[in-house]
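Trainee: I have a structure I would like to understand better, so I am pasting it below and will then ask my questions one at a time.
The values are calculated or read from the model by the stated rules, or taken from the named source; none is laboratory data. On a predicted model such as this, the values are computed, not experimentally measured, just so you know. Note that we place each Cβ from the backbone using ideal geometry, even for glycine, and neighbour counts take in every protein chain shown. With ligands, DNA and RNA removed, areas are computed over all heavy atoms of the protein, side chains included. Shrake-Rupley method; radii C 1.70, N 1.55, O 1.52, S 1.80 Å.
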Amino acid sequence: MPDTLAPRAVQLMPPVSVSPTLAADALAHARRQQGQETYHMGFGQAPFPAPKRLIDAMQTHAHEKGYLPVAGLPELRRAVIRHQHRLLGTDMDGVDVLVAPGSKLILYAVQMAVTGDLLLPTPSWVSYAPQAAMLGQKTIAVPSEQTDAGYLISGETLARAIRDARAAGKNPTKLLLNYPNNPTGLSIPDTLMQEIAQVCIDQGIVIIADEIYGRLAFEGPYRSISAYAPEHTVVTTGLSKHLSVGGWRLGVGVIPKSIGGLFDVLSGIASETWSCVAAPIQIAAIEAYEGHDDIENFISDCSKIHAAVTRYIASSLRAIGADCVDAQGGFYLWPDFAPIANYGASTTLSHDLITQAGVVTLPGLAFGEDPAVLRLRLSACDYDGADALAVLHGSEGRITPEDVPRFAPRIPLAMSALKQFFD
């Protein structure tokens, strides 16, 4: 008989934590199932009912069950290109489109395809840096500043980060920007977008522009850094935030043909991972990109409501002494509680708010902030979007922060819980 081989431990990659946003959502639901009073400001899920046009299209095509092309349904890809052209004047012959089950996978695939290290402004969304780490890539922090003017990242700061990284033996090849930004709710002024774009052109840096909140900008039209660096910018976006269909998992990437071979590499990655997005979802999504008046009006209405809710919360936070600027888009706020909280870490503050006040937030540490900085990200979505739309339509399309208690009673209750906690 041969000797029995000794058992060996299974070798695993370093642990990958559950995304903090998804963990916060699970925690809030668990608390509510247990009957605990919970104000859910930890997860960004748009609260409005899905547009009827999209639901009808989904129901009509629910029987479609075949595999679709890896890059996406041709009709959908063409609709996305036309949509980007209407919004930004994008050269329709200069881009390809890749469809994926959510924009998160496109972000991961682009990070995989463009080898090298990632330039990442701080603070930033919770999944960017972990994705780079999973790919064995380094993350290079690019400092930013949050003011009433927006999410400020200067070209000079970016250029310095690139120089310092190269001097340290790193290989910065791509910059990931998100605007309006998660977690701050702020956008990047046009002048700074132009500076950033020029630095990336000069230094051969690929820009990955996460514009998932782009259609929820409160003031002015949709804006993209791709207008200033079209041959260097990959745009990722989707339907989840402005059309309230996050669970449909439909994301798109707009890939410049000038980055030779990138679209083919991404298509190859898709073929070996997600294969394709479900057929009924892709067919229904065509309606979202055709520019129908009802869809465009829905987006406008939701943006007005998001603006009113975030401004109500920001004003309430300032009233209790926190430092908080108004959001410029999306549905997040990034207050600093240092003026009213005596804590050594944002994680401890976030924990105590959950356990003592029932308010679920996310600590700044999850977004790359210094642990000692007492910033928390607050999501402004804990209300019934149908009620909000009814109030808006009953007010001839006008809505203000003063209207928020009428359709979102949990928001003022959350603000009262915060006030009592800090008092």
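Trainee: Which length gain, in nm to one decimal place, applies between Glu219 and Ala62 when the Cα-Cα distance is subtracted from 0.36 nm times their residue separation?
Mentor: So the extension gain works out to 52.8 nm.
Trainee: Express in whole angstrom the spacing between the alpha-carbon centres of region 47-89 and region 368-423.
Mentor: Cα centres, region 47-89 to region 368-423: 31 Å.
Trainee: Accessible surface of Asp190 in the full protein assembly, 1.4 angstrom probe, to the nearest 10 Å²?
Mentor: Here the accessible area works out near 70 Å².
Trainee: Still on this model: Listed highest first by mean packing, meaning other Cβ atoms within 10 Å per residue, what order do 315-323, 332-340 come in?
Mentor: The peptides rank, most packed first, as 332-340, 315-323.
Trainee: Could you check the spin-label model distance between His351 and Ala149? Points 7 Å from the Cα along Cα→Cβ, value in nm.
Mentor: Using points 7 Å along Cα→Cβ, the separation is 3.9 nm.
Trainee: At 1.4 Å probe radius, can you tell me the per residue accessible area of the chain in Å²?
Mentor: 43 Å²
Trainee: Using a 10 angstrom cutoff on alpha carbons, build the Gaussian network for the chain and name the most mobile of Arg377, Arg160, Arg410.
Mentor: Arg160
Trainee: Tell me, in nm to one decimal, what length is gained between Ala227 and Asp370 on full extension, where the rule is 0.36 nm per residue of separation less the Cα-Cα distance?
Mentor: Difference between extended and current length: 48.2 nm.
Trainee: Would you grab the residues whose amide H sits under 5 Å from the one on Leu362? Only those 5+ places off in sequence or on another chain, please, with H modelled 1.01 Å from N.
Mentor: Arg377
Trainee: Something else about it: Considering only DSSP beta bridges with both partners in the chain, what is the antiparallel share in %, to the nearest 5?
Mentor: The answer is about 50 percent antiparallel.
Trainee: What FRET efficiency would be calculated for the residue pair His292, Asp387, taking the C-beta separation as r and a Förster radius of 30 Å, to the nearest 0.05?
Mentor: The value I calculate is 0.80.
Trainee: Applying the Karplus parametrisation 6.51 cos²θ - 1.76 cosθ + 1.60 with θ = phi - 60° to the phi angles of region 330-342, what ³J(HN,Hα) value in whole Hz is obtained for each residue in order, glycine and proline being reported as x?
Mentor: With the stated coefficients, region 330-342 comes to x, 8, 10, 9, 10, x, 10, 9, 4, x, 10, 10, 10 Hz.
Trainee: Hey, another quick one. Taking 1 over the mean of 1/r across every pair of different Cα atoms in region 160-257, what Kirkwood radius in Å do you get?
Mentor: Result for region 160-257, one decimal place: 14.4 Å.
Trainee: Quick check: Cα centre of region 156-232 to Cα centre of region 268-295, how many Å?
Mentor: 26 Å
Trainee: Arrange the peptides 24-30, 98-104, 61-67, 402-408 so that the one whose residues have, on average, the most other Cβ atoms within 10 Å appears first.
Mentor: Taking the mean over residues of other Cβ atoms within 10 Å, the ranking is 98-104, 402-408, 24-30, 61-67.
Trainee: So how many Lys-Lys pairs in the chain land under 16 Å Cα to Cα, not counting same-chain pairs under 8 apart?
Mentor: Within the chain, the lysine pair count is 4.
Trainee: How much net charge surrounds Ala197 when only the other residues with a Cβ under 15 Å from the Cβ of Ala197 are counted, with Lys and Arg +1 and Asp and Glu -1?
Mentor: Once all neighbours under 15 Å are counted, the net charge is -4.
Trainee: Okay, moving on. Pop out the ³J(HN,Hα) list for region 241-249 in order, Karplus 6.51 cos²θ - 1.76 cosθ + 1.60 with θ = phi - 60°, rounded to Hz; leave Gly and Pro as x.
Mentor: So the Karplus estimates, Gly and Pro as x, are 7, 8, 10, 6, 10, x, x, 6, 6 Hz.
Trainee: Also, quick follow-up: Treating the chain as a set of equal point scatterers at the Cα positions, no solvent, please give the Debye-formula log₁₀ I(q)/I(0) at q = 0.08 Å⁻¹.
Mentor: -0.45
Trainee: Sticking with this one: Could you tell me the relative contact order of the chain? Use alpha-carbon pairs under 8 Å, at least six residues apart, and round to a whole percent.
Mentor: Rounded, it is 22 percent for the chain.
Trainee: Name the residues whose placed amide hydrogens come within less than 5 Å of the amide hydrogen of Leu175, ignoring near sequence neighbours (fewer than 5 apart) on the same chain.
Mentor: Those lying under 5 Å, H to H, from Leu175 are Leu119, Val206, Ile207, Ile208.
Trainee: I would also like to ask the following. Could you pull out every residue, at least 5 positions away or on a different chain, whose amide H is within less than 5 Å of the one on Leu243? Hs are placed 1.01 Å off N in the peptide plane, and Pro or chain starts have none.
Mentor: Under 5 Å from the amide H of Leu243 lies no amide H from a residue far enough along the sequence or on another chain.
Trainee: Which residues does the label zone of Gln36 cover in region 363-382, counting backbone N under 17 Å from a point 7 Å along Cα→Cβ?
Mentor: 363
Trainee: Multiply the residue separation of Leu22 and Ser315 by 0.36 nm, subtract the distance between their alpha-carbon atoms, and state the gained length in nm to one decimal.
Mentor: Gain on stretching Leu22 to Ser315: 102.8 nm.
Trainee: Now for a different question. Springs between alpha-carbon pairs under 10 angstrom, Gaussian network model over the chain: which of His351, His306, His292 fluctuates most?
Mentor: His292
Trainee: In nm, to one decimal, how far is the Glu396 label point from the Leu87 one, both placed 7 Å along Cα→Cβ?
Mentor: Result: 3.1 nm between the two label points.
Trainee: Counting only protein heavy atoms and a 1.4 Å probe, tell me what percentage of the chain's accessible area is made up of carbon and sulfur.
Mentor: Heavy-atom surface of the chain belonging to carbon and sulfur, 1.4 Å probe: 53 percent.
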